[in-house]
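Here's the structure we're looking at; comments come further down.
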Amino acid sequence: MKTAANALFGEYRRIFTDKGALLILVGALILYAFFYPMPYVHEVLKEVPVALVDLDQSGLSRQLARMLDADEFIRVSEPVSAAEAERLAREGSVNGIVVVPEGFECQIRRGEQATVVAYADASYFLMYRQMLTGAMEATGTLSAGIEIRRLQAQGIPADAAMKARDPLPLVMRPLFNPTEGYGNYIVPAVLVLILQQTLLIGIGLVGGTGRERPAEATAAASGTAFESLQTLVGRALAYFLLYLLHLLFYFGIVFHVFGFAQRGHAVALLEFGTPFLLAVIFLGLTARALFSTREMSMQVLLFTSMPSLFLAGFSWPVESLPRWMAAAAQVLPSTPAIAGFLRLSEMGASLPQVRHEWLVLWALCAIYGVTAWLAEARLGLNGNAKGRT
């Protein structure tokens with residue numbers, strides 16, 4: 001195994017003497033670990049600015065305004081005119097408008113149905129959801145209070161009036177993300193994708209550097225198939241040991257620091273992470289045979305980051321993708337890895353419960369392992385040919 005050992009230490013030497021590769025394979029992982037989760041520390045978006053147009057100017061409309069402003073999701077401005085509210089919305093100062101029509105209180109006192117109009121900026125879905133949720137909660141609470149008072153006026157006791165108003169209450173319990181926070185939803189999945197993309201780009205940079213230095217490439221070349229396999233094992237082991245530390249750092253420290261749900265067992269995470277890391281490493285070692293320069297590896301692999309994000313199945317469900325696209329997504333290790341890691345870490349699933357994703361990763365590991373071996377053998381033959389020449 002001398003060849004494998006030489007390849008392992010040689011790969012570490014190339015990594016730690018290459019500032020660009022070191023920045024991607026070590027520095028970027030640490031930077032992303034703390035920089036990316038920071039915007040989501042508060043988890044839930046609150047206090048969305050909303051303009052109020054009170055055309056009724058009654059006691060009930062002012063009560064509704066207070067209830068709207070008391071809701072945690074929205075922050076209501078002082079009442080403005082319709083023209084002023086439209087101007088604020090167009091310039092982006094507010095993300096929604098609530099209009100209380102004229103005659104609002106009179107309609108309610110006559111027992112008629114009154115209408116409150118809410119306009120929400122649907123170009124920003126997160127703002128849109130919070131604004132409408134806050135408006136519906138406030139108007140729903142006011143409506144319930146009015147109906148209960150009417151029932152009480154008919155001689156119905158308060159408890160009976162509340163039950164008559166809501167005979168079938170819905171009790172909701174958010175599973176696995178009890179705060180319904182955006183950070184718990186988005187960050188764990190993106191961290192897995194960061195592991196994949198930095199690993200691919202780092203391997204590509206190191207490989208591109210080797211191709212740019214013929215003397216180094218010739219020295220590392222292996223002629224026989226068995227020597228190529230030993231070289232591949234050594235190089236893969238170098239990246240695997242390095243990224244195993246990153247994996248433990250992410251799931252063991254970063255999750256704890258930012259309070260992300262961590263219900264999985266460390267052994268299960270390691271068992272699941274092993275084929276994921278190996279599949280990515282072998283994919284990177286296969287791809288780097290195509291890169292003759294460092295710049296080419298950066299250009300190609302950075303281009304794959306966005307497709308990998310959308311095909312991963314957490315920003316948009318894989319089931320909603322076209323069938324051919326959902327099938328193509330399975331060739332990326334991040335697709336089954338994100339699904340499996342989320343269920344292991346956030347849902348507390350066991351390894352047998354993510355067996356499908358685990359087997360897919362092992363299959364990708366085997367396929368890319370063979371292609372990486374073929375690529376290593378090809379590079380070895382080319383290197384030896386150049387050396388003889």
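The values are calculated or read from the model by the stated rules, or taken from the named source; none is laboratory data. No experiment lies behind these values; they were computed from the predicted model shown. Glycine gets a Cβ as well: all are built from the backbone with ideal geometry, and neighbour counts include every protein chain shown.
Counting residues that are touching a residue at least 60 places away in the same chain (Cβ under 8 Å), exposed (fewer than 14 other Cβ atoms within 10 Å of the Cβ) and not polar (S, T, N, Q), which helices (runs of 4 or more DSSP H) fully inside the stretch 84-172 reach at least 2?
none
Exactly one condition in (1) hydroxyl-bearing (Ser, Thr, Tyr); (2) closer than 30 Å to GLY20 by Cβ; (3) touching a residue at least 60 places away in the same chain (Cβ under 8 Å) is not met by SER345; state its number.
(2)
For the stretch 339-348, indicate whether the set of residues that are more than 18 Å from ALA268 (Cα to Cα) and either of a type in the set (D, E, K, R) or part of a loop (DSSP other than H, G, I, E, B) (or both) is non-empty.
So far as the stretch 339-348 goes, no, none of its residues is more than 18 Å from ALA268 (Cα to Cα) and either of a type in the set (D, E, K, R) or part of a loop (DSSP other than H, G, I, E, B) (or both).
Restrict the check to the stretch 268-285 and report whether at least one residue is among the polar types (S, T, N, Q), closer than 20 Å to TYR239 by Cβ, at pLDDT 90 or above and surrounded by fewer than 21 Cβ atoms within 10 Å (Cβ to Cβ).
Taking every residue of the stretch 268-285 in turn, at least one turns out to be among the polar types (S, T, N, Q), closer than 20 Å to TYR239 by Cβ, at pLDDT 90 or above and surrounded by fewer than 21 Cβ atoms within 10 Å (Cβ to Cβ).
ASN184: of a type in the set (S, T, N, Q), under 30 Å from GLY284 (Cβ atoms) and touching a residue at least 12 places away in the same chain (Cβ under 8 Å), yes or no?
yes
What tally of residues in the stretch 349-367 results from selecting those that are part of a loop (DSSP other than H, G, I, E, B) and among the polar types (S, T, N, Q)?
Counting residues in the stretch 349-367 that are part of a loop (DSSP other than H, G, I, E, B) and among the polar types (S, T, N, Q) gives 1.
How about the stretch 363-389: which of its residues are modelled with pLDDT of 85 or more, over 15 Å from ALA236 (Cβ atoms) and not small (Gly, Ala, Ser)?
Of everything in the stretch 363-389, nothing turns out to be modelled with pLDDT of 85 or more, over 15 Å from ALA236 (Cβ atoms) and not small (Gly, Ala, Ser).
Any residue that is of a type in the set (A, V, I, L, M), over 15 Å from ALA138 (Cβ atoms) and out of contact with any strand residue (DSSP E or B) (no Cβ under 6 Å at 6 or more places or on another chain) - is there at least one of those in the stretch 61-78?
Looking through the stretch 61-78, none of the residues is of a type in the set (A, V, I, L, M), over 15 Å from ALA138 (Cβ atoms) and out of contact with any strand residue (DSSP E or B) (no Cβ under 6 Å at 6 or more places or on another chain).
How many residues does the stretch 1-30 hold that are within 30 Å of VAL187 (Cα to Cα) and surrounded by fewer than 12 Cβ atoms within 10 Å (Cβ to Cβ)?
Within the stretch 1-30, residues that are within 30 Å of VAL187 (Cα to Cα) and surrounded by fewer than 12 Cβ atoms within 10 Å (Cβ to Cβ) number 1.
When residues of the stretch 243-293 are filtered for being in contact with an Asp or Glu (Cβ under 9 Å, 6 or more places away or on another chain) and among the charged types (D, E, K, R), how many remain?
Final tally of qualifying residues: 1.
Can you go through LEU242, LEU248 and tell me which one is surrounded by fewer than 22 Cβ atoms within 10 Å (Cβ to Cβ) and either closer than 27 Å to THR179 by Cα or not assigned by TED's automatic domain parsing to the domain that holds ALA28 (or both)?
When all the criteria are applied, what remains is LEU248.
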